[in-house]
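Single-structure report; data block below.
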Amino acid sequence: MGKATFGIGAAVIGIMAILAWYFMSAGTPTPVADPAITAAAFLAEIRSGQADSAWEGTGAEFKSYMGRDQFRQFVRSHAGLKSPAVAGDSVANGLLRECAFTCGGLKVVVIVGPSGGQWKVEGIRAG
């Protein structure tokens, strides 16, 4: 009886997970790749001195809240961004993912969201 109960319970949980995924993603294609990969690549571009290229690859939301000159100033004022990024937790916040990193002694959160079937950087916090 224990096996049958576990089997039915697991099936119910699986169906609920599929339904939750379906309703949460309806109308918005969610990229398959790991959002932390996009965030790490963004930080790698900054670290290699390609801040303009990193900014170009961001999403529309990012560009609307942080223009190119403001982003350059952000990079200059956070020297830790020149250090290798060590990945921490990645937390879902609706459709967005907040990917935490430590760059030297600097705590950095890169926010990514789905855009056109891929992940795009939509925000960054450091401190």
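Each value in this text was obtained by applying a stated rule to the coordinates, not by laboratory testing. Remember, it's a predicted structure, so these values are computed and weren't measured experimentally. Heads up, the Cβs are rebuilt from the backbone with ideal geometry, glycines too, and the neighbour counts pull from every protein chain shown.
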* Asked: Which net charge results when you count Lys and Arg as +1 and Asp and Glu as -1 among the other residues whose beta-carbon is under 10 Å from that of Val91?
  -> -1
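Step by step: find N for region 44-127, compute 2.2 N^0.38 Å, then divide the Cα radius of gyration by it. What's the final number? Show your work: numbers first, answer last.
Values: Rg = 12.2 Å, N = 84, 2.2 N^0.38 = 11.8 Å.
Ratio of Rg to 2.2 N^0.38 Å for region 44-127: 1.03.
Using r as the Cβ-Cβ distance of Asp89 and Ser48, and R0 as 30 Å, what FRET efficiency do you calculate, to the nearest 0.05?
Result of the calculation: an efficiency of 0.75.
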* Structure fact -> Amide H proximity to Lys120 below 5 Å, modelled H, separation 5+ or other chain, gives Gly113, Ser115
* Asked: How much length, in nm to one decimal, is gained on full extension between Tyr65 and Asp34, taken as 0.36 nm per residue of separation minus their Cα-Cα distance?
  -> 8.7 nm
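Just add up the charged neighbours of Arg76: K/R +1, D/E -1, any other residue whose Cβ is under 12 Å from the Cβ of Arg76. Kindly include the intermediate steps, with their values, before the conclusion.
Numbers: positive: Arg72, Lys82; negative: Asp69.
With Lys, Arg at +1 and Asp, Glu at -1, the neighbours total +1.
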* Structure fact -> A correct Karplus calculation of ³J(HN,Hα) over region 50-66, with 6.51 cos²θ - 1.76 cosθ + 1.60, θ = phi - 60°, whole Hz and x for Gly and Pro, returns 10, 4, 5, 5, 4, 5, 4, x, 7, x, 4, 4, 4, 5, 6, 9, 9
